[in-house]
Amino acid sequence: MTRPLTRDRQLRRTRRAEAALTALVFVALLLVGQRPDWIARYVPWITGGLLGLLALGTGITVWQYRVMDEFRRVRLLKAWAVAGVVSFLVMTGLIAWAAVGWAGHGQPAALARDVPPPTFTLTDLYIPWTAALAAYLLTTAFLYLRDQRS
């Protein structure tokens, strides 16, 4: 007969799983860092591995959340909220910085025309920035409507 797991034991188990996943990612990064030519050669395997690690990480996060007590849940949600706000502000700052630099702000007119458009902004920053803004607005609207109904 097995004894039931207490909340602390369950949380320790999830933390061990998280540590194992972190070690696995670290080893994978070391391997790819040692052999960068593997990236081009094994793109489907690396992509599948990254998607698998993303799924495992999401599963472990959900598992941890289900095991946590209310105090730990609130603390985790506040940490995610702060991380989201900080990343949104950093992306906004980088987009604004690129836009000001692209406009040639503070440069003579002859040099301002030679500044190439910031291609990294649209591909690497603008899409996640838009997704973060949309997620925030949709979540706020959903919570507002839910609170109005109850």
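The values are calculated or read from the model by the stated rules, or taken from the named source; none is laboratory data. Fair warning: this is a prediction, and the values are worked out from it, not measured in the lab. We place every Cβ from the backbone using ideal geometry, glycine too, and count neighbours over all the protein chains shown. Side chains are part of the model used for accessible areas, which takes the heavy atoms of the whole protein and leaves out ligands, DNA and RNA. Shrake-Rupley method; radii C 1.70, N 1.55, O 1.52, S 1.80 Å.
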Quick one: what pairs do we get from the range 74-95, first residue within 18 Å of residue 139 (Cβ to Cβ), second among the hydroxyl-bearing types (Ser, Thr, Tyr) and open to solvent by 60 Å² or more (accessible area, probe 1.4 Å), C-beta under 8 Å, 6+ apart or different chains? 76/65; 84/136; 88/136
Can you name every residue in the range 12-27 that is within 19 Å of the chain's Cα centre (by Cα) and either open to solvent by 80 Å² or more (accessible area, probe 1.4 Å) or touching a residue at least 24 places away in the same chain (Cβ under 8 Å) (or both)? 18, 21, 22, 24, 25, 26
Quick one: is residue 20 aliphatic (A, V, I, L, M) and modelled with pLDDT of 85 or more? yes
